[in-house]
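Structure first, commentary second.
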């Protein structure tokens, strides 16, 4: 049994940096080589960051996505941005429905501000987030005919889950109806700036005249939740205990986060821990591990996301998949998210991303697609998740259509171009003095950070390619432009198309 | 439980053979005659994502011998924000009456193009489709419709279990037009292709070094051969998916050119339509045309497409052609009509069966100007040999008959004039009469019966609904 005081092997250090980072940068590789810190010490260092601000310029969604991607590429605290991606998926909100870029960037910043903060505070902020209010119809939830859209997803996706981890229902339809009542009367106002609406500064507001007060609708019963689940007893819990009106939507969250599942454990704490374990550690985590990280962090009491993350990152379960290929069946590998695959690769290879006027964010020197178009083809159009459920993870990322998009991205990175048109600058990731194909292959795989993900057999196929089936015994990277433009670039593309490149 | 990929490979001796991909196209595997099941037919699934309002898809025009129209008007308002469809809008769209109450029924006016096909006898309207204990979550209800397993006993799809029983590893019997494998096709025995546009489905080689391409292909194929045999399901998935993708990139793009050259006016008609449903159906038309004209190495006969936007909690709209729900109906109806006409012109409409479904219908009483999540709704089945008409009975939408949430109830009671059609009877009818799966095998390997109260559970099958014979 390891814990926060356990030493880290280089493989474990690498695993930790890979999972909490975006690609393995030169700095990461130095850390892997030299690390003397314990799990707890290195995790504390990784978790020590302050919320940044992304400067969103321009006014279209494309500009906003590009600014976010540029920030992802630049960041020195990649875990912060991985968490923003996680919460963007968790509180999935799509521009196609919201329709205002300013509301999307405002929400994006909200997720960044609270990324490792207090989960309860985060959910309460999401309650009043104008983009979410648009997306799930809070602004169209009228007391005459309450609209259940937000109430249902709040329970199903943001907090409890339909069923607990043992398959028991967590709430009833009546609970949804009651919660919908609490959200009546909420709107948001948009201030003007130079005669234009400034959506980024939109603020929610409460209009008591539009709120569902119990006295007006006696047939809807008392404002009470969870009379049959949650461990509150047959009386349930009233969400107007502190008075009716604006306070109800906070009271609803307090109650939701007090909800106990069929075994008496905190329902939401378990579910969020499960999701974070799935995201950072491996698919289908053990229930025992879920409970251990919740207990170790006190997440069900303090709701500190940072504490929960620390408990996950120092837990043995996190290092289950840290070993090198070939992988045994027990430690199920995860699939890299498209954002990680694209941004991580450009960071690992020392490529430069740049926003070009009218042309969007591209890899410097590249003639291929915009970065955001690559991501969209891979099934991750940022700020436009497919639905309120967010994205489907793991192998669902990899259909033939999205695999082909990954192959295209790899080809575009590797595609050889003359002179300064190269997007791939070999000296940034490989020592040009190398001549032995074996050593060159190791260097390329090392730069991509995937050398431990390939079996010897897979590696042989790459070596076979590099040496034209053994015909070439040395490559002159320094002087032979063709060797570089054809074989080295081809090798990078092929390695990025290899199954190992999609594993986390 | 279908064979896992690894089990299959071991049993078939493919492990020992190994590396077939690296050497040449696996002709014998891809060309392997399709089992005598779907034969020379095609099967298309169109999914209406978000929960299509069934009550404003097939709508009571009058009460007949019951109260359906009266109940409808009580639940759906007229005037601003009202969703009510007037008898005048519905009468030109009349289909057969509700068999139980005799109430006249009409299709939403936005479905006018579908009504043309209905009048040709090519559209079956299957009413009141659902499953026990309706689930109001999009995600859960989709999963139930797709797995046909309300108890959550399996993750595989109902079409997927059929595919798994009839196809093997490197067969590519199914294609989804879009980005991901749809749940109804899910299984781990055979490959499902996902293609956005067949024209663009090419393997991205660096064309500047053409002489290097053969080497790249060999290495790519070898890497994925290794992965296919991994004991890690994730890695095996990537190996299998990469292999199927590579092989298909060598077969599918030519289908586009062939279709556009041979059928320019049809190609243009889809472009003129412009909706995403039409564009996706055109991709299916290209594949069908390719197979019919003998294109090599193309075998997909199962297709899936989706249309989104049906989660009409607000601003749903009524008969107004510019209203949200009406526009969705128009897109679907005009696209399906075009697809049907294209196939009929090609002389293969009798080989194609299309099923249109949604994860649930919507709340009977409307909210302010939309509808919340509901329960049973209509399924549409169309094709050249479909027996057109209305099947099954309308759900009971009287306020007193609704459940606590305001939704219609699921019932299997034989004497109930509002008896529901279980989705498994729809699927079973398709499996038995379109895909030629033996009745006992359907029960044994695709759609196991439930136990329990026969009035509220699916304990007796009816795979002979009559819409396919």
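Rule-based calculations on the coordinates, nothing more; no lab input. Source: prediction; values computed, not measured. Backbone-built Cβ (ideal geometry, glycine too); neighbour counts: all protein chains shown.
Work out the FRET efficiency for residue A:287 and residue A:172 from their Cβ-Cβ distance, taking R0 = 25 Å, and round it to the nearest 0.05.
Numbers: r = 24 Å, r/R0 = 0.96.
With R0 = 25 Å, the Cβ-Cβ based efficiency is 0.55.
Would you order B:202, B:306, A:194 from fewest to most other beta-carbon atoms within 10 Å of each residue's own beta-carbon?
Numbers: B:202 14, B:306 18, A:194 5.
Sorted ascending by nearby Cβ count, the order is A:194, B:202, B:306.
Just the number, please: percent antiparallel of the DSSP beta bridges in the protein assembly as shown, rounded to the nearest 5. Write out the running numbers ahead of the final one.
Numbers: 34 of 59 bridges.
Within the protein assembly as shown, antiparallel bridges account for around 60 percent of the total.
May I ask what percent, to the nearest 5, of DSSP beta bridges between residues of chain B are antiparallel?
Numbers: 15 of 40 bridges.
If we restrict to bridges inside chain B, about 40 percent are antiparallel.
Expressed as a fraction of 2.2 N^0.38 Å, the rule-of-thumb size for a compact globular protein of N residues, what is the C-alpha radius of gyration of segment A:338-502? Kindly include the intermediate steps, with their values, before the conclusion.
Working: Rg = 16.4 Å, N = 165, 2.2 N^0.38 = 15.3 Å.
Dividing the Cα Rg of segment A:338-502 by 2.2 N^0.38 Å gives 1.07.
Mind sorting A:300, B:257, A:452 by how few other Cβ atoms lie within 10 Å of their own Cβ, fewest first? It would help to have the intermediate numbers written out before the result.
Numbers: A:300 22, B:257 12, A:452 18.
Listed from fewest to most nearby Cβ atoms, that is B:257, A:452, A:300.
Please work out whether segment B:262-303 counts as rounded, prolate or oblate from its C-alpha gyration tensor, where a ≥ b ≥ c are the square roots of the eigenvalues and a/c under 1.5 means rounded, while otherwise a/b larger than b/c means prolate and anything else oblate?
Since a/c reaches 1.5 but b/c is at least a/b, the shape of segment B:262-303 is classed as oblate.
To the nearest 10 degrees, how steeply does helix A:101-113 sit against the main Cα axis of chain A, on a 0 to 90 scale?
The helix A:101-113 is inclined about 80 degrees to chain A.
When you have a sec, figure out the Kirkwood radius of chain A from all distinct Cα pair distances and drop it here in Å to one decimal?
24.6 Å
Assuming 0.692 mPa s and 37 °C, estimate D for the protein assembly as shown with Stokes-Einstein, Rh taken as the Kirkwood radius over Cα pairs, in µm²/s. Could you put the intermediate results ahead of the total?
Numbers: Rh = 29.8 Å.
Answer from the Stokes-Einstein relation: 110 µm²/s.
Hey, rough spin-label estimate for residue B:401 and residue A:1, points 7 angstrom out along Cα→Cβ, what's it come to in nanometres?
Spacing of the two 7 Å Cα→Cβ label points: 6.1 nm.
Semi-axes of segment B:57-135's equivalent ellipsoid from the Cα gyration tensor, sqrt of 5 times each eigenvalue, largest first, rounded to whole Å? Mind showing how you got there, number by number?
Numbers: eigenvalues 77, 61, 39 Å².
Ellipsoid half-lengths, sorted descending, are 20, 18, 14 Å.
Add -39500 (n - 2.57) for each DSSP H run of 4 or more in chain A, then divide by its residues: what number comes out at 222 nm, to the nearest 500 deg cm²/dmol? Spell out each step's value before the answer.
Details: 22 runs with 215 residues, N = 504.
Computed mean residue ellipticity for chain A: -12500 deg cm²/dmol.
Hey, what angle do you get for helix B:264-273 against the long axis of chain B, alpha-carbon based, 0 to 90 degrees rounded to 10?
Roughly 50 degrees, rounded to the nearest 10.
Rounded to the nearest 0.05, what FRET efficiency do residue B:293 and residue B:459 have when you use their Cβ-Cβ distance and R0 = 51 Å? Don't jump to the answer; show the numbers that get you there.
Details: r = 47 Å, r/R0 = 0.92.
Efficiency at R0 = 51 Å is approximately 0.65.
Counting only C-alpha contacts under 8 Å and six or more residues apart, can you give the relative contact order of chain B as a whole percent? Kindly include the intermediate steps, with their values, before the conclusion.
Working: 966 pairs, mean separation 122.2, N = 469.
In percent, rounded to a whole number, it is 26.
Residues of A:161-168, mean number of Cβ from any other protein chain within 10 Å of their own Cβ, rounded to a whole number? Kindly include the intermediate steps, with their values, before the conclusion.
On the way: counts 1, 5, 3, 0, 0, 0, 1, 0.
Mean number of neighbouring Cβ atoms from other chains: 1.
If contacts are Cα pairs under 8 angstrom and at least 6 residues apart, what is the relative contact order of segment B:290-383 in percent? Present the calculation step by step, with values, prior to reporting the outcome.
Numbers: 93 pairs, mean separation 24.2, N = 94.
Across segment B:290-383, relative contact order equals 26 percent.
List residues of segment B:243-265, by number, whose backbone nitrogen lies under 16 Å from a label position 7 Å along Cα→C-beta of residue B:213.
It comes to B:246-255, nothing else.
Output the peptides A:250-258, B:107-115 sorted from most to least packed, where packing is the average of other Cβ atoms within 10 Å over each peptide's residues.
Working: A:250-258: 20.9, B:107-115: 23.9.
In decreasing order of mean packing, A:250-258, B:107-115 become B:107-115, A:250-258.
On a 0 to 90° scale, report how tilted helix B:324-346 is relative to the longest principal axis of chain B, with both axes built from alpha carbons and the result rounded to the nearest 10.
The answer is roughly 50 degrees.
Can you list, largest first and rounded to whole Å, the semi-axes you get for segment A:326-392 by taking the square root of 5 times each eigenvalue of its Cα gyration tensor? It would help to have the intermediate numbers written out before the result.
On the way: eigenvalues 145, 68, 11 Å².
Largest first, segment A:326-392 gives 27, 18, 8 Å.
Once you place label points 7 Å from the Cα toward the Cβ at residue A:246 and residue A:187, how far apart are they in nm?
The answer from the label model is 1.5 nm.
For a quick check: sort A:1, B:437 by the number of other beta carbons within 10 angstrom, fewest at the front.
Values: A:1 5, B:437 23.
Starting with the residue having the fewest Cβ neighbours, the order is A:1, B:437.
Label residue B:151 and residue A:30 with points 7 Å out from Cα along Cα→Cβ: what is the distance between them in nm?
In this crude spin-label approximation the distance works out to 6.1 nm.
Give me the percent relative contact order of segment B:151-221, please, defined on Cα pairs under 8 angstrom at least 6 residues apart. Spell out each step's value before the answer.
Working: 82 pairs, mean separation 20.2, N = 71.
Dividing the mean separation by the residue count of segment B:151-221 yields 28 percent.
Take peptide B:209-221, look around each residue's Cβ out to 10 angstrom, count Cβ atoms belonging to other protein chains, and average those counts. Could the numbers behind the result be given before it?
Values: counts 8, 0, 1, 7, 1, 0, 10, 8, 1, 4, 14, 7, 1.
Shielding by partners across B:209-221 averages 5.
Compute the Cα gyration tensor for segment B:225-365, then decide on rounded, prolate or oblate, letting a ≥ b ≥ c be the square roots of its eigenvalues: rounded whenever a/c is under 1.5, prolate when a/b is larger than b/c in the other cases, and oblate in all that remain. The partial results should precede the final answer.
Working: a/c = 2.67, a/b = 1.33, b/c = 2.00.
Judged from the Cα gyration tensor, segment B:225-365 comes out oblate (a/c at least 1.5, b/c at or above a/b).
Just tell me how shielded A:446-457 is by partners: mean number of partner chain Cβ atoms within 10 Å of each residue's Cβ, no decimals.
Working: counts 0, 0, 0, 0, 0, 0, 0, 1, 2, 5, 1, 6.
Across A:446-457, the average partner-chain Cβ count within 10 Å equals 1.
If a paramagnetic tag sat 7 Å from the Cα of residue B:272 along the Cα-Cβ line, which residues of segment B:378-409 would have the backbone N under 11 Å from that point?
The answer is none.
Can you tell me the Rg and the Dmax, both Å, for the Cα atoms in chain B?
Spelled out, the Cα radius of gyration and Dmax of chain B are 23.1, 77 Å.
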